[in-house]
Structures are given as C-alpha cells and as structure tokens.
Amino acid sequence: MIPPPAAFFILAAVLFVLGVLAFFVKKDLLTQFMAVEVMLNAGNLAFLALAKSLGKAEGQVIVLFVITVAAAEAVIGLAIIVLIFRQRKTVQTDELKDLKG
Amino acid sequence: MAWAVFLILSFLCIGSVAAMILSRNQAHNALFLVLSFSSLGGLFGLLDAPFAAAVQVLVYAGAIMVLFLFAIMMFNLRGELPVRVKKTRLAFTVGLGTILLAELLLAGRKLVLGSPGAASAAGGDTARLGHFLFSDYLYAFEITSLLILAALVGALALAGKREGS
Amino acid sequence: MAELFWLIPLIPGASALLLVLFGAKLSRRWVAWQACSAVFLSFLLSSAAFAHLVRLPPGAPGLTKTLFAWISSGPFTSPIAFAFDHLTAVMTLVVTGVGLLIHVYSTAYMAEDRSHARYFAHLNLFTFFMLVLVMASDLVLMFVGWEGVGLCSYLLIGFWFERPAAAKAGMKAFVVNRVGDAAFILGILFLLANVGGSSFSLINKAAGGGLLPSGLMTLVAILLFIGATGKSAQIPLYVWLPDAMEGPTPVSALIHAATMVTAGVYMVCRLSGLYAASGPASTVVAWIGAATALFAAAMALVQNDIKKVLAYSTISQIGYMFLGCGVGAYAAGMFHLVTHAFFKSLLFLAAGSVIHALAGEQDMRRMGGLRKHLPVTFPVFLVGALAISGVPFLSGFFSKDAILTGAFAGGQYALWGAGLLGAVLTAFYMFRLVYMTFYGKERTAMEPGHSIHESPRAMTIPLVILAAFSALAGYVGLPVFFGEKADLFGRYLASSVKSGSPHLAVPTEGLLVLLATASALLGIALAFVFYRRTPALPSRLASRFPGVYRLLVGKYYIDEVYDAVVVRPLVRGAEKVYERFDLKVIDGALNGSAAAAGLAGKGLNFLQSGLVRDYALAFLIGAITFLGFLLL
C-alpha cells in the first residue's frame, strides 16, 4: 500500500517551511544558502507528488530542470560567497550591510 | 511496507533539517543536509520517479553538497558559530512560518482534490521522460546546457581571481 | 531586364545603406566607385525599361510592380508599388542620367573633403528617395519620397555644418518645406477621405469622371500645389532655395536645380487629370508660376554671388514650368523640366568648376577675364547660358517656346506677355553673369603662387556631355511648323498627361517664335551694353533709381517680412509659453515630484537596513500575502 500523493505533499510543505525557518534563524551565508537548497528540494517533492497524482510525466521533467538550474545556482552562489569571504574575512550576514540606506 | 518506508524516510528528512537548524557547526550542517537529500531521493523513488531519485542522490547529495563541504573547508571556520536570535524575532518568524504552512496545505488540498482522482500508474517510465526531454522540451534542455556552461565560466571568472591581481 | 525596373530605386538605396554603415572604413576610391556604379546600374535599368516601354503598342499601360502593402488599415491600404509609365520614364532617365554625371563630377570636386563617404552616402540616399518619388504609383508612397528628398536636401545643404551659415540654411530649407508639406498632407487626407484610395490612376479617373465636387477638387489641387511651392521654391515659399547654395556645388546642381526642386512640377503633371478638371486651381498654378518667373528673374539681376544668380534663375525657370502646367501645356512643362535639368545642372557644375579654379571664390566682382584660363569651362558655360536664354536652336529655346505658345494658344495673353518679359530678363542676367565672370579685366584676388587652372577630367567630361545635351535635347520637341509629327516629346507623353490646347496656325506660331527669339537677343544685347561696352552704366543706373536697386538687392525684403510677420511672433509666443507654462507648470510638476520622491525616500529609509534577513522577511510576507490572495 503506497502512501497517497497527499501525504507527500504535506511532507513537502513541512520541509519548505522548515527551510524558511532555517533561513531566518541562521546567520551565516553558507547555512542560509543550504536552507535555500532545502526549499528547492521541497518544491521538487511537491512537483513529483503532483505528477503522480495527475498522472503526468511533465512534473518529472520540471524536476530535472530544477535540479540542473540549482546546480548552476549553487556553483555561482558559492563562488560569490568565496569572493565575499576573501574580501571581508567573514560570512556573517549581520556584518554585511553595505546596502543600508 | 511502503508506508513504513515513507514514514522512516520522512522522519529522517525532517529530522535532519531540524538538526541543521539547531546545530552550530557548518560541517555538521552540510552532512545533515546530505542525509536529508538522500532520504528525499528515496521518497522520489516511492513516487515512481526512479530517474529523478537517481539524479537527486547523484547531483544533490553527491555533487552539490560536496561543493558546500569544499567551501566550508576553504573558509576554515572550525569554531562554533554564535546563534543569537532575539526571542521576539524568532516568535514572529515561527508565526509567519505557521501561516505559510497552513496556506501551502490549503493550496495542496485544492490541487489534489481538483485533480482527477484516478492516479494512473504511468509516469515511472524513464523512456517516456527521455522522450519528453528530447522532443517537447528540447529547447529548454539545450538552454540548460548553455546555462551550466555559463555558470562554469562564471564561477571560474569570479572565484578564480587571485588576490592582488 | 525591363521586369527588374523596381530595382531602379533600390540599388542606390542599398549603396547608401552600405556607405552609411561602412563608409568610414572604405577607401575613397572604393566609395566613389560604388556610389557612381550604383547610379550607373540604375541608369542602365531605366534605359532598358524605357526601351521596353517605347516598344509597347500605344495605349498599353506601363510596367507596374507591387512589392507589399506597408499600411493596411480598414478599407485603406497603401502598397509599396512602383509604376513605370511614359512620364516616370522621363523623370527616371533625368534623375539617373544627370545624377550619374553629377556623381562622377563629385568624385573630383569632393575628392579632398573630410567627409567624403558621408557625402556620397547622402547623394546615393537622395537618388533613392528621388526615384521612389517619381516611381511611386500612389500619392502616399510619393510623399515618402517627397519627405525623403527633403531630408537629404537638408543633410546636404548643411553638409559643411561646421559653418553656421550652412547649418542655418539647412534648417531654413527644412522648416520652410514643412509649411508646404503640411498643406500637402492635408491634400492627401482630403483625397483619401473622398476618393477612397491614393493611387494616381484612381485620383485622375475620379477627377476626370466628375465623381468629385468641383470645390473639393480645387481645394485639394491648391493644397497639393502649396506643397509643391515649398519643394519647388515658388512664391511664397521660395525663400529657402537661395540660402541652400551653402551646400556643395554638385548638390546645388543635382538637388536644387535638376531634380528635387522640379518634383512639384512632376507632381502637377502626374495629377494632370485633377488639375485639368479644376479651372481655378490651374489658374492659380499658372499665375504663381508666371509671378515667380518674373519676380525671381528680377532678383537675379543684381546678385553678385555666382551661385545665387543661378539659384534665382532656377526659381524663375521652375516658374516657367508651372506656368506651362497651369495653362494646360503639361507636356511643355515637362519638356522644359528636362531641358532645364540639362542646362541648369551644366551651369551649376560649370560654376562649380569656376569656383574650384578660384579656390572657393564665389563673388563675381572678384572674377573676370577667366575665358583664357578655363578653356573647357568657358565654352560649355556659354552653351548653357545660350540655352537658358532661349537662343534659337538650343534646347531652352524649344522648351520655353513650347510653354509660351501653350499660354498664347490657351488665350492667356497676359501670362504670355509675362513669360516674354521674363525671357528678356533671363537672357540679361545670364549674360551679365557671363560677361562679369569670363570677360573684362581680371579682378581675382588670388595669393601669388596659386595659378588659375582648369578642372580635372572627371569634372570636365560631365560638363561636355551635359553641354551636348543642353544643345541638342530640344530636337525631340520641335514646334508645329516643322511638321505635325515633329513634337516627339509631346506625343510620347500623350498617354501619361493631359494634352494641352490645340495647335496654333503655322504663321501665328512663327510670329511667336520670332518674338521669343527677339526677346532673348534683346536681353543679351542689353547685357552686352551694360557690362561689356559701358561698364559704368549699371552703377549710374543704380544711383539713378536707388529705390528699385535697393529693393532688388534686398530681395524685396521678403525674408525680413517673413521674419517680422511669421518668425518673430512665433518665437515671442513660444517664449511666453515657455515662461508661463514650461517653467511654472511642467517644471513645477517635475520639481514637485522630485521633492515628493525625496521626502518619501527619507521616510522609508529605515526599511533599508542592509540586512539580508530583513529583505528576506519582506519577501516572505509578500509571498504569504500573495498566496493568501490566490487562495481566497
């Protein structure tokens, strides 16, 4: 007996909110970036659950694209973080507030 | 049986994310995330998406998280990071998160209820997936390859710069 | 090859595009060759299409080619459609033929110029627009060419825009033409609203078939003619043409003598059905033409700048063409257009050769005695001067005679008399120019070491060819006493334009010819007396009649009158508007909104903490709100 898609969807929602919470609670760029990855994965899970419940393979295609784009995003994001660290010797977001108006 | 697997995997998944929130060590965080993403791969398998599951484990749990670990090692931040979050702020965030969760569940209910109930078994077919990728989504597929190339070059240009140069 | 006739305008257009884009990178030789060969190709194609046209049986329609519809709105469509009929063939051959000679001449005249490529790009572009103008099969596309040649005219008058006078002259030409174009657009709109289309055949058919109320026809014809007075420099909008002489001399020859300024005449002939059907409009055309012919000829009498004399002469001669069209002798108007294109471009180019020889000197009072120094320029100039004066057996004689005969045959004796008087003046000012420039003492003020020299081959060969045409082009349209069929040109055009009045009896026509000849000779004789035998006479006359002299030198003070009546009130009004409206309302609104934005920025500043978390929080709240909105 396979669990219904609804169960997977609930799991996806919980995971997403946990990612959001992690983003707000954490204070270093790297972990916040990881939290973003969690949110992306929650989205993937929701896509697959809906693909299953609607019987459409497009959902899986989208998931593949999301993973590819996430990989590209991770590479660039980490490169930027490395650059910030080289210049500022810190990855604490509270200390990076040059955009203050 | 499947229910048991589902429950175990979702417990692992949620638990490791929660542990990530509570832990103060970046390297541990990354490892928790590997665990979380691997169990997500298993859940993908349960959803009749074996290809997505494989990619999830290979790309996410493998490649991306290893990248994170490399970055952490480069920063060489062994020490514990301080976690000082104001109580009011935490409460506010948790409140907002609850609202978001409620909204998401509501939206999901609408979607799942609105769909034709008869969930066909189709979808697990990797061959069909490949067919989609190389016909209907061919342009998008090619564009992602360009995107990855651009990301590669961009990362080299950004992080490859030596200090002082 | 005739089927490819629609490429005629496109070849110079493509060449212009290339020159605009890459001209600065190309070598001078290449630019000159490309520009000339583009026009040469067009000329070859025009000749082929002309040969095809002549072989067609009489009454057969000309070539047409519709490329595509570029405006399609409800019942109204305007196609990019080219037509090649007998009238178009004449214009196309003139534009490409004379244009080719002037391009060749320019290669030498502009060889040293800094903006060589820009010059040829604009010259090619002008050829393109002029060909669009003459080959368009409907009024809207013609207007595109009409505006395009105006643009090129502006660009080329102001070619040496570092000189304030040139920049100002370009602007003046553009603005004065706008006035005429406004009327032209109104005319087009009236036609579109009442005829339901803009193709020439449709308009001429509607006008000829009496489908239009006569008041409307007159209104439209006069509105279109006002547009023509702008482009063709007629009273009251002629004021830009003398100033346009600030442009390079070959430009003056091509645009401001041979082709663009005659576009108005072409337009009237193209719509001859409309003008023939509207008596009052034709009368207006004829009288404006006659008045301009006299008025401008009188101003040419006292000019001292060699190019200004020719400019006023051009205005005057175009007046003749309109006079011909106005009395119904459309073929004669076109005939004069063609011969004028030859001899006037010849005169301009020869004047350019003189100016070139004197290193830029344009004042005739500092010329004189150039006959010996310019062994090619002098004879060809003389041919041109004789032709324009209407001396027998040169082209101008036949075409001017055709116009005067047309006026006489139409019973318009006053117009005929004005034309005859204009002929005397024409001969007088032309030979005044010849005597002052080529005869008498050398009054040149050249630095020693700079000798007066004849121009290079590339300049003299076009001059010689044009001289040959100026002398011989008249034989395609002989007067009636050479036989009924002698007027080849008129018969050739019969299918495209309305035919004029019936021919006169041979003795009457002979008498008219004698009178015209006499008036030309009288003018030349007067010039001889005034400027060769007793050179003191002009200044004595000027001091005797100071009022008349000052009036003529001051160009009737028309520029001053326009300045006082039109320009200055406009400027003053604009200044008032600027003070009251621009400064207070518009600037006030602008400054007010800037101040408001500044205040808002100060007020909202606290939101910009610079902390990622705060921004993310705003993001989250937004997402929650949006999702909630979607769910409700």
Which of the residues belonging to the stretch A:28-55 are at the interface with another protein chain (Cβ under 7 Å from one of its Cβ atoms) and over 10 Å from the mean Cα position of the chain (by Cα)?
A:Asp28, A:Leu30, A:Thr31, A:Leu45, A:Leu48, A:Ala49, A:Leu50, A:Ala51, A:Lys52, A:Ser53, A:Leu54, A:Gly55
Of everything in the stretch A:2-23, what is over 13 Å from B:Leu7 (Cα atoms) and among the β-branched types (Val, Ile, Thr)? Give them in sequence order.
A:Val14, A:Val17, A:Val20
Consider only pairs whose beta carbons are under 8 Å apart and that are at least six residues apart or on different chains; among these, list those whose first residue lies in the stretch A:1-21 and is within 7 Å of chain B (Cβ to nearest Cβ) and closer than 15 Å to B:Ala102 by Cα and whose second residue is of a type in the set (Lys, Arg) and surrounded by fewer than 23 Cβ atoms within 10 Å (Cβ to Cβ).
A:Ala6/B:Arg109
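Kindly indicate whether any position in the stretch C:398-417 is under 15 Å from C:Val434 (Cβ atoms), touching a residue at least 24 places away in the same chain (Cβ under 8 Å) and buried (at least 18 other Cβ atoms within 10 Å of the Cβ). Give the derivation first.
Pass one, the stretch C:398-417, residues under 15 Å from C:Val434 (Cβ atoms): none.
Checked against the condition, which is being under 15 Å from C:Val434 (Cβ atoms), touching a residue at least 24 places away in the same chain (Cβ under 8 Å) and buried (at least 18 other Cβ atoms within 10 Å of the Cβ), the stretch C:398-417 yields no hits at all.
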Let me confirm something: among B:Phe37, B:Phe32, which residue is open to solvent by 30 Å² or more (accessible area, probe 1.4 Å), closer than 23 Å to B:Ala71 by Cβ and in contact (Cβ under 8 Å) with a residue 12 or more places away in the chain?
B:Phe32
Wholly inside the stretch B:1-61, helices (runs of 4 or more DSSP H) that include 1 or more residues that are over 24 Å from A:Lys56 (Cβ atoms) and among the aromatic types (Phe, Trp, Tyr) are B:2-22, B:26-46
I'm told B:Leu9 meets every condition in (1) crowded, with 18+ Cβ neighbours inside 10 Å; (2) of a type outside the set (S, T, N, Q); (3) at pLDDT below 85 except one. Can you identify the failing condition by its number?
(3)
Looking at (1) outside any helix (DSSP H, G or I); (2) under 30 Å from C:Trp160 (Cβ atoms), which is the one condition that is false for C:Leu211?
(2)
Expected single match for in contact (Cβ under 8 Å) with a residue 24 or more places away in the chain, farther than 21 Å from C:Val309 by Cβ and not β-branched (Val, Ile, Thr) among C:Glu575, C:Glu509 is C:Glu509
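Does the stretch C:371-383 hold any residues that are surrounded by 23 or more Cβ atoms within 10 Å (Cβ to Cβ) and touching a residue at least 60 places away in the same chain (Cβ under 8 Å), and which are they? Talk me through it step by step, then tell me what you get.
Residues of the stretch C:371-383 that are surrounded by 23 or more Cβ atoms within 10 Å (Cβ to Cβ), as a first pass: C:374, C:377, C:380-381, C:383.
Correct list: C:Leu374, C:Thr377, C:Val380, C:Val383.
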Test result for C:Met217, surrounded by 24 or more Cβ atoms within 10 Å (Cβ to Cβ) and more than 15 Å from the chain's Cα centre (by Cα):
yes
Could you list all residues from the stretch C:617-626 that are open to solvent by less than 40 Å² (accessible area, probe 1.4 Å) and either over 17 Å from A:Gly19 (Cα atoms) or more than 10 Å from chain B (Cβ to nearest Cβ) (or both)?
C:Gly622
Among the residues of the stretch A:56-65, the number that are more than 7 Å from every other protein chain (Cβ to nearest Cβ) and in contact with a Ser or Thr (Cβ under 7 Å, 6 or more places away or on another chain) is 0
Applying the selection to the stretch C:600-616, what residues are surrounded by fewer than 10 Cβ atoms within 10 Å (Cβ to Cβ) and at pLDDT 85 or above?
none
In the stretch C:68-88, anything under 16 Å from C:Ala2 (Cα atoms) and either more than 26 Å from the chain's Cα centre (by Cα) or not in a helix (DSSP H, G or I) (or both) is listed as C:Ala81, C:Phe82, C:Ala83, C:Phe84, C:Asp85
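Can you name the helices (runs of 4 or more DSSP H) wholly within the stretch C:522-615 that have at least 3 residues being over 30 Å from C:Tyr439 (Cβ atoms) and within 14 Å of chain A (Cβ to nearest Cβ)? Outline the logic, then answer.
Working: elements: C:537-544, C:546-553, C:558-562, C:568-577, C:587-604.
Answer list for the stretch C:522-615: C:587-604.
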Yes/no for B:Ala107 being under 30 Å from A:Thr90 (Cβ atoms), in a helix (DSSP H, G or I) and modelled with pLDDT of 75 or more
no
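The values are calculated or read from the model by the stated rules, or taken from the named source; none is laboratory data. Owing to the predicted nature of the structure, the values given are computational and were not obtained by experimental measurement. With ideal geometry, Cβ positions are generated from the backbone for all residues, glycine too; neighbour counts draw on all protein chains shown. Just the protein is used for accessible areas: all its heavy atoms, side chains included, with ligands, DNA and RNA removed. Shrake-Rupley method; radii C 1.70, N 1.55, O 1.52, S 1.80 Å.
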